[in-house]
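Following: one structure in structure tokens, then a few remarks.
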Amino acid sequence: MFRAAIFDMDGTLVDSEEHWRVAEQEVFGSVGVEITHEMAAVTATMTTRQVAEHWYSVRPWPEPSLPQMEAAVVARVAEQMREHCRALPGVIGVLDRCAALGWRVALASNSPGALCHLVLRQLGIASRFEVVVSADDVEQGKPDPAIYLLAARRLGVSPAECLAFEDSLTGVRAAHAAGMRVVAVPSSPQDFSQVRPCLTLGGLHEFGDEHLAGLGHPV
């Protein structure tokens, strides 16, 4: 029986892939790293620190520093989020369902904490989340399970009592490794054959009582 729901952010609650791509192309392009759409897909599930390290390994630049480049990317994404942040279909509905079930709710994201809180405020759902765990809070981001394990610990529930909502293979692996059951809502074609989620849907708007019953939770 579930006591909590833990949500990924990028691609699950908000469609942010284009914002990250634009920010990477602009910021790293300023130091001579030309990033195509295909190249940007490689870093889509990384933390911002990992992104900066990745592009530096591809084509090192003398300055600014990696932390400065990372901060510039985050600032550019935040700027776009303030202008264009929209919840994906079904976000409010699934949060309402969690509240009706008495579940505790957390966010577990590879994005920086400041950006997580900004997005939740922009979407008008900050009060729905008791706990926010970001890449700032752990040594390793997803697919390492640390983010999910910390979210469960801060909620005061066991991982086995948590239902995770994820859009990427990286996130599904992290939640699965943490001992949670996972609902996948892929934002792009994904091969989940290696780590199978309990349920795969076209979006959060499809999640209903029949799925809860199928996961063994009373409705």
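The values are calculated or read from the model by the stated rules, or taken from the named source; none is laboratory data. This is a predicted model, so every value here is computed, not measured. No Cβ is skipped: glycine too gets one built from the backbone with ideal geometry, and neighbour counts run over all protein chains shown.
Miscellaneous remarks
- All told, Trp61 falls short of being farther than 30 Å from Ala152 by Cβ and in a helix (DSSP H, G or I).
- The conditions of being assigned to a helix (DSSP H, G or I), within 16 Å of the chain's Cα centre (by Cα) and among the β-branched types (Val, Ile, Thr) are met by Val74.
Results for (1) of a type in the set (D, E, K, R); (2) under 30 Å from Glu206 (Cα atoms); (3) at pLDDT 95 or above; (4) in contact with a helix residue (DSSP H, G or I) (Cβ under 9 Å, 6 or more places away or on another chain), shown as yes or no for each residue.
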residue	(1), (2), (3), (4)
Thr48	no, no, no, yes
Ser57	no, no, no, no
Pro67	no, no, no, yes
Ala71	no, no, no, yes
Val77	no, yes, no, yes
Arg86	yes, yes, no, yes
Val94	no, yes, yes, yes
Cys98	no, yes, yes, yes
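- Hey, Val94 loosely packed, with under 15 Cβ neighbours inside 10 Å and of a type in the set (A, V, I, L, M) or not: no
- Note on the stretch 1-43: among residues that are touching a residue at least 60 places away in the same chain (Cβ under 8 Å) and of a type in the set (S, T, N, Q), the one that is nearest to Leu149 (Cα to Cα) is Thr12.
- The single condition from (1) among the polar types (S, T, N, Q); (2) surrounded by fewer than 24 Cβ atoms within 10 Å (Cβ to Cβ); (3) closer than 25 Å to Glu79 by Cα that Ser193 fails is (3).
- Only listed residue being in contact with a Ser or Thr (Cβ under 9 Å, 6 or more places away or on another chain) and either at pLDDT below 95 or more than 20 Å from Ala44 (Cβ to Cβ) (or both), chosen from Ala213, Ala152: Ala152
- Consider the stretch 1-40 and keep the residues that are of a type in the set (D, E, K, R), within 13 Å of the chain's Cα centre (by Cα) and not in a loop (DSSP other than H, G, I, E, B). The one that is surrounded by the most Cβ atoms within 10 Å (Cβ to Cβ) is Asp10.
- Cβ-Cβ under 6 Å pairs, at least 6 apart or on other chains, the stretch 113-133 side closer than 16 Å to Ala99 by Cβ, far side among the charged types (D, E, K, R) and part of a helix (DSSP H, G or I): Val131/Arg154
- When residues in the stretch 164-183 are screened for being touching a strand residue (DSSP E or B) at 6+ places or on another chain (Cβ under 7 Å) and either surrounded by fewer than 24 Cβ atoms within 10 Å (Cβ to Cβ) or farther than 16 Å from Leu13 by Cα (or both), 4 of them pass.
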